[in-house]
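What follows is one structure encoded as structure tokens, with my remarks underneath.
The values are calculated or read from the model by the stated rules, or taken from the named source; none is laboratory data. As the structure is a computational prediction, the values presented were derived from the model and not from experiment. Note: ideal-geometry Cβ built from the backbone for every residue, glycine included; neighbour counts use all protein chains shown. In case anyone asks, the SASA skips ligands and DNA or RNA and just uses the protein heavy atoms, side chains included. Shrake-Rupley method; radii C 1.70, N 1.55, O 1.52, S 1.80 Å.
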Amino acid sequence: MPSNKSVSDAPIVQFTNCRILRDHQLQREDLWVREGKILNPEKLFFDEKGSADVQLDCKDSIIAPGFIDVQINGGFGVDFSLATDDFKSGIDLVSQKILSHGVTSFCPTLVTSPSSVYHQVLPQISVRNGGTHGAGILGVHLEGPFISKEKKGAHPEHCLRTFEAGAFQDLLATYGSLDCVRIVTLAPEMRRSSEVIQELTKRGICVSLGHSVANLSQAEEAVQHGATFITHLFNAMLPFHHRDPGIVGLLTSDRIPAGRRVFYGMISDGIHTNPAALRIAHRAHPKGLVLVTDAMAGMGLAPGRHTLGQQVVEIDGLNTYIAGTKTLSGSVATMDTCVRHFQEATGCSVETALEAASLHPAQLLGIEHKKGTLNYDSDADFLMLNDSLYVQATYIAGEEVWRQDVSGM
């Protein structure tokens, strides 16, 4: 009798009684997994004459790709912009805790900091796969310090930098290393930013425009030089104006190079962006919307005083301010909350809401061939959710890494 071991000895798991998000639609199909990858059942049946070793009844759950958070400053008392002796255990804690919110991969984000912080922290972060230990690390997002004073938001002014004679060398000297860097947020109106954008892009680093007073033509020029992302749209940039829409105008610009897509992050927490603004952005450019938490150390903790890099911040309900001011400073929202709020605020489909936190960030980072989809041969990083988009279980490489305690449902 033919065996299912003709290609590999690894067990084949078949997830049944589920609706899978594939090709932008929820489809009533089974999901087949082996060795951390999603299998094509036709190849399994016809080429290998194989079958499942284990069947799991998903009880009519939605199965969606794992969420990818490309802007998260910390959480659960851990601040990625603080150089501490136990930094590694802090990043491990966050990567473990965000599994319950459906995040299977993330970009730890550092806000504007003294150069010494980058030199101490960056060597302690390495790109790694996810697993039972926690969500995978895709690389670091460096937000600043090459940003605008006028739109610094919660970033400390005394740490802001400009590009001097060395331009790209100034950036290298500030950060110390770009080995594990995936995204750099900068203000494109800065002198010599174009050459920096080109150099970063050449190295495969995504350049994001943010904390900026750039006009539309400056933003378009940055995109023509390689920028592909906008950091938390509407926040820390010039407000939309009909004669010069600024960075926001990139959503409908006709000067984007052919074959390129501009993505934009949105903090869909009901605080940072009015639901009407969320709807405007989504309707203008639905395929570019990337949900981000912009979460800080206070996520998952009680209201009170916490840190965001060099600043003290105060949590009051879902609002987070620089202590003693009304300047917003990061969020305490979790990714699953952002997905639910986005769907509710825009009235979009379940599929659209889920793809904004999975497919779109994967496309932004150029990893959609292995993350952010449930296509055959992609990584088996996925979630089980109920119809209200609450996460019931999280899987990385086909292994269950978190499950909702039934008594807590």
remark   = Cysteines of the chain without any disulfide-compatible partner (other Cys Cβ under 4.7 Å) are 107, 159, 180, 206, 338, 348
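Mind checking the full-extension length gain between residue 16 and residue 132? Use 0.36 nm per residue of separation minus the Cα-Cα distance, one decimal, nm. All intermediate terms of the calculation are to be shown ahead of the outcome.
Values: separation 116, 0.36 × 116 = 41.76 nm, distance 2.28 nm.
Here the answer is 39.5 nm.
At 222 nm, what helix-only mean residue ellipticity would the chain give, in deg cm²/dmol to the nearest 500, using -39500 (n - 2.57) for each DSSP H run of four or more?
Helices in the chain give a 222 nm mean residue ellipticity of -6000 deg cm²/dmol.
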task = Would you mind estimating how fast region 125-280 diffuses translationally, via Stokes-Einstein at 20 °C and 1.002 mPa s with the Kirkwood radius over Cα pairs, in µm²/s?
result = 132 µm²/s
task = Quote to one decimal, in nm, the extra length available between residue 120 and residue 23 on full extension: 0.36 nm per residue of separation minus the C-alpha distance between them.
result = 30.7 nm
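Largest first, how would 402, 32 line up by accessible area (1.4 Å probe)? It would help to have the intermediate numbers written out before the result.
Values: 402 60, 32 20 Å².
Accessible-area ranking of 402, 32, largest first: 402, 32.
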key: Cα centroid separation - region 217-269 against region 337-409, whole Å   = 26 Å
task = Kindly state, to the nearest 0.05, the FRET efficiency for residue 276 paired with residue 316, given R0 = 22 Å and r defined as their beta-carbon distance.
result = 0.40
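Using a/c under 1.5 as the rounded threshold, could you call the chain rounded, prolate or oblate? The axes a ≥ b ≥ c are square roots of the C-alpha gyration tensor eigenvalues, and prolate needs a/b larger than b/c, oblate otherwise. Numbers along the way, then the final one.
Details: a/c = 1.69, a/b = 1.61, b/c = 1.05.
Prolate, since a/c reaches 1.5 and a/b exceeds b/c.
So, by mean Cβ neighbours within 10 angstrom, what's the order for 251-258, 203-210, 96-103 with the highest one leading?
Working: 251-258: 12.1, 203-210: 21.1, 96-103: 24.1.
In descending order of packing, they fall as 96-103, 203-210, 251-258.
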query = Roughly how many percent of the accessible protein surface of region 66-365 is carbon and sulfur, given a 1.4 Å probe and a whole-percent answer?
reply = 50 percent
ask   = Roughly how many Å is it from the Cα centre of region 102-129 to that of region 21-94, as a whole number?
value = 22 Å
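In terms of the Cα gyration tensor, with a ≥ b ≥ c the square roots of its eigenvalues, is region 82-166 rounded because a/c is under 1.5, prolate because a/b exceeds b/c, or oblate?
Verdict is prolate for region 82-166.
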key: Two-site FRET efficiency, residue 177 against residue 88, from Cβ-Cβ distance with R₀ of 22 Å, rounded to 0.05   = 0.85
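Rank these by accessible area, largest first, 1.4 Å probe: 344, 399, 351, 195.
On the way: 344 155, 399 115, 351 30, 195 75 Å².
The ordering from most to least exposed comes out as 344, 399, 195, 351.
For region 289-361, what is Rg from Cα atoms divided by 2.2 N^0.38 Å, rounded to two decimals? Show your work: numbers first, answer last.
Numbers: Rg = 13.9 Å, N = 73, 2.2 N^0.38 = 11.2 Å.
That ratio works out to 1.24.
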query = For residue 253 and residue 327, FRET efficiency with R0 = 22 Å and r from the beta-carbon atoms, rounded to 0.05?
reply = 0.15
query = Any idea how far apart residue 47 and residue 203 come out in nm if each label point goes 7 Å out from Cα toward Cβ?
reply = 3.9 nm
ask   = Want the number for residue 261 to residue 283: 0.36 nm per residue separation, take away the alpha-carbon distance, what's left?
value = 6.4 nm
